[in-house]
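Structure record follows, encoded as structure tokens.
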Amino acid sequence: MAVDIKVATERAEARIGSVIKDKWRLDRLLGVGGMACVYSATHRNKKRAAVKMLHREYSTDSSIRERFLREGYLANSVGHRGVVTVDDDDVAEDGTAFIVMELLDGETLEQRWRRKEQRLPLEEALAVADQVLDALAAAHEKGVVHRDLKPENLFLTRDGVVKLLDFGVGRLKEMKGVSTNTLSGATMGTPAFMAPEQARGRWEEVDGQTDLWALGATLFTLLTGKYVHEGQTVNETLALAVTQPARPIKTERPDLPDRASALIDKALAYAKPQRFADARAMQAEVRLVYAALSGGDVSRAAHLSVPDPEPSATSLQLAVSTDPRLRATTARGVSASGLPAPLREAWQVPRNRRLLLAGGGVGLLLLMVVLARSCAGSEPEVASLGPAPAGVQTLAPSATPSVTAPPPPSAAPPVSIDALPREHKKKAGEGRPAAGSGAPAKKDDPFARRR
């Protein structure tokens, strides 16, 4: 069962300003993902929080609802400042399940990585890893395994604290009767960051070392701009995770210090006995590598600053990834991830790129018509441009542009073939592109996003 994001977004926007359970006013929509949407909200006692609401289609399914509400139980059981706390859970008047979480201000590691041209400095990545490992150690000591660690689920707050988000697919070892299958029987998690045992669905083997593999994959991506396994689909990526060991990080970053490369390669070892025994062991090595690199203690690392949000951005954002390797193999929960920040990120999505180009072409074409009429001595009036050029529909001021194969912006106004002398008609008709032809679409950028 897949949710139409457009429909879910419209429905989520319609809730803004409403009050649920007579206490939480939904102030602003922060983002919409494949499983839920998140709002900034204000309690009647003026406390502010984030309210995460499961999509209505899933709220009626008891197994999905149980998994969704389990997030709060798992996160709160850890009791570490690096894990987002959940204050409440309930069901809204329309039957939609929701949880209330602390409202964060900052950016995800995925957003930061994009902002820094898809490659973080090694010292910064190690400082982040140290905090993540501290939180993971606390979680593993309580028997909690995250199972969906990735840059999108690591949030850097304005005061420099790294928070683990989205324990929705996590597991508490003591929990009984909780299904580990997806709705369709596939494996849970995000393929690009899955350890071999998780990709195989061997749940009895999924433990803290599985999270360490995911952290190694996260560091690999943050430092190289690539995934450990470069499959083009969910199934290809899962197949590679099952059958192929991770390639050494030096194949992508030969400039990395040997000890830093060895740290990441060990975390990504195919066989579990070859990985770090636990989070504390990996954290100790991270600190040694950081000290050798910088000459100082990682606890004294420079504060990682977060820039003020752009006018159209929010402090806690979500997105549904356009890359199939980043889609969870279940109806995945929303995590604090980047909504398009605007034009720059919208451009990375091929469909958006085509719309932007088409819209720009229409605008330039209309400007050319206005200028042409102005040069001809007529007074240009945008509201009455006359018949639209071929391929362009006239629009009401509030209408959404609709374009049908506009001519290139630099082309002269179209001329009807019937207006040409007879001897030129044949030549003019030759070489016309067939309907629907054009330059092949560019391949999706593997890092383009926005659950």
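The values are calculated or read from the model by the stated rules, or taken from the named source; none is laboratory data. Note that the coordinates shown come from a computational prediction; the quantities given were computed from them, not determined experimentally. Neighbour counts run over all protein chains shown; Cβ positions are idealised from the backbone, glycine included. All accessible areas refer to the heavy atoms of the entire protein, side chains included, with ligands and DNA or RNA removed. Shrake-Rupley method; radii C 1.70, N 1.55, O 1.52, S 1.80 Å.
Some points to look at:
- The numbered conditions (1) of a type outside the set (D, E); (2) touching a Ser or Thr at 6+ places or on another chain (Cβ under 6 Å); (3) buried (at least 21 other Cβ atoms within 10 Å of the Cβ) are all true for R48 except (3).
- Tabulated pairs, the range 285-303, first closer than 14 Å to P257 by Cα, second of a type in the set (D, E) and open to solvent by less than 30 Å² (accessible area, probe 1.4 Å), C-beta under 8 angstrom, 6+ apart or interchain: V286/D130; Y290/D130
- Checking the stated criteria, T42 turns out not to satisfy the condition of being of a type in the set (S, T, N, Q), open to solvent by less than 70 Å² (accessible area, probe 1.4 Å), under 22 Å from the mean Cα position of the chain (by Cα) and over 18 Å from D166 (Cβ atoms).
- Taken together, the residues in the range 115-137 that are touching a Gly at 6+ places or on another chain (Cβ under 7 Å), open to solvent by 10 Å² or more (accessible area, probe 1.4 Å) and either assigned to a helix (DSSP H, G or I) or basic (K, R) (or both) amount to 3.
- Considering residues of the range 1-13 that are surrounded by fewer than 13 Cβ atoms within 10 Å (Cβ to Cβ) and part of a loop (DSSP other than H, G, I, E, B) only, the residue modelled with the lowest pLDDT: M1
- Qualifying residue in the range 90-103 (condition: among the hydroxyl-bearing types (S, T, Y) and crowded, with 23+ Cβ neighbours inside 10 Å): no
- The range 32-57, subset among the basic types (K, R) and in a strand (DSSP E or B), residue nearest to D90 (Cα to Cα): K52
- Selection from the range 153-168 of residues that are open to solvent by less than 10 Å² (accessible area, probe 1.4 Å) and either within 19 Å of P196 (Cα to Cα) or at pLDDT below 90 (or both): F167, G168
- First in the range 47-59 and under 15 Å from I20 (Cβ atoms), second anywhere and at pLDDT 90 or above and surrounded by fewer than 17 Cβ atoms within 10 Å (Cβ to Cβ), Cβ under 6 Å, 6 or more apart: S59/G95
- Scanning the range 14-31 turns up no residue that is out of contact with any strand residue (DSSP E or B) (no Cβ under 9 Å at 6 or more places or on another chain), part of a loop (DSSP other than H, G, I, E, B) and either among the polar types (S, T, N, Q) or surrounded by 15 or more Cβ atoms within 10 Å (Cβ to Cβ) (or both).
- Qualifying position, being of a type outside the set (G, A, S), at pLDDT below 90 and part of a helix (DSSP H, G or I), among N235, N181: N235
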